[in-house]
1. Report yes if L150 is crowded, with 19+ Cβ neighbours inside 10 Å and within 16 Å of the ligand (Cβ to nearest atom), otherwise no.
2. Out of the residues in segment 30-42 that are of a type outside the set (V, I, T) and more than 16 Å from the ligand (Cβ to nearest atom), state the one that is surrounded by the fewest Cβ atoms within 10 Å (Cβ to Cβ).
3. Could you please let me know if I48 is within 16 Å of the ligand (Cβ to nearest atom), assigned to a helix (DSSP H, G or I), out of contact with any His (no Cβ under 9 Å at 6 or more places or on another chain) and not hydroxyl-bearing (S, T, Y)?
4. Restricting attention to segment 240-257, does a residue exist that is under 24 Å from G119 (Cα atoms) and either away from the ligand (no atom under 16 Å from the Cβ) or of a type outside the set (G, A, S) (or both)?
5. Inside segment 1-29, can you point out the residues that are away from the ligand (no atom under 16 Å from the Cβ) and out of contact with any Phe, Trp or Tyr (no Cβ under 9 Å at 6 or more places or on another chain)?
6. Got a number for residues in segment 66-119 being in a loop (DSSP other than H, G, I, E, B) and within 15 Å of the ligand (Cβ to nearest atom)?
7. Out of all the residues in segment 85-99, is one or more in contact with a Phe, Trp or Tyr (Cβ under 9 Å, 6 or more places away or on another chain) and either farther than 19 Å from A145 by Cα or without any contact (Cβ under 8 Å) to a residue 60 or more places away in the chain (or both)?
8. Report yes if some residue within segment 159-166 is part of a helix (DSSP H, G or I) and under 16 Å from the mean Cα position of the chain (by Cα); otherwise report no.
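The values are calculated or read from the model by the stated rules, or taken from the named source; none is laboratory data. Computed from a prediction, not measured in an experiment: that's the story for all the values here. Ideal geometry is used to build each Cβ from the backbone, glycine not excepted, and the neighbour counts take in all protein chains shown.
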Amino acid sequence: MSAPKILVFDSGVGGLSILAELRHTLPKCQLVFACDNAAFPYGTKPEINLIERVEMALSALIHRLDPDIIVVACNSASTLVLPRIRANFQRPIVGVVPAIKPAAMLSTSKCIGLLATPGTVQRPYTQKLIDDFASHCQVVAVGSAELVELAEQKLRGETPDNNALKTILAPFLAEPRLDTIVLACTHFPLLREELSKAAERHIKWVDSGAAIARRVLSLLGQLPDELPPQPHSLALFTAPQPAALVAGLKQYGCVETDVVEI
Ligand code: DGL
């Protein structure tokens, strides 16, 4: 048996936070990172355009890679397109969606924050997660496209501005009871340390990465012992990626890159 191939798909570098969790849990899988940077960002796109774009991008990537499992490592896309792409592409698809249930369970005060893209915050899918799992909580929601940009900049070697982070977090920090924040965009765990510092008080930060890795593991089942570890990944972009990203990609094991035109 050859190593299972897992496609990790996002609009930008956020997918790397999921790739890191998958590599940790599934070191023997062949992980391919694909980033639709030609259509970045997803979090502010009209829904109709985003649905079409994700379908088009995934169809081209499936044609090129023939992956065993697809991980849609993007909350903005998953909260919108999962039923449609599951119907259209005949292979297992795991979608990253806001970790509202674990956050509601973890919170002591039952006052939690939801930090996502403007798109994810507005989706009926997200509201349903709140209704189903956090109806007993006060939920403060913040949609920030700027934070996505700051995460992209960090991967290009720039230091995120602490004041900008404080301003983004202000609605959460105005609630003295709030003790838990859901990082409901895969870009945001890349800024966990900086967000933690900017908050200046103890917050439990919750993301979906580890749960996604466990889900993929359960889909794959036991892998043969003889498979060697796969520490490196191919990173595919839909437009030429900036040279400043090379070092950031290497930190996540992405040493080889290529462009897939869509
Ligand atoms: N990383 C993506 C998410 O999880 C979206 C970022 C964007 O393209 O706006 O929502």
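1. Taking the combined requirement at face value, the residue satisfies it.
2. Per the criteria, the residue is Q30.
3. Answer is no for this residue.
4. For segment 240-257, residues under 24 Å from G119 (Cα atoms) and either away from the ligand (no atom under 16 Å from the Cβ) or of a type outside the set (G, A, S) (or both): absent.
5. M1, S2, A3, P4, K5, I6, H24, T25, L26, P27, K28, C29
6. So the count comes out to 7.
7. No, segment 85-99 contains no residue that is in contact with a Phe, Trp or Tyr (Cβ under 9 Å, 6 or more places away or on another chain) and either farther than 19 Å from A145 by Cα or without any contact (Cβ under 8 Å) to a residue 60 or more places away in the chain (or both).
8. No: zero hits.
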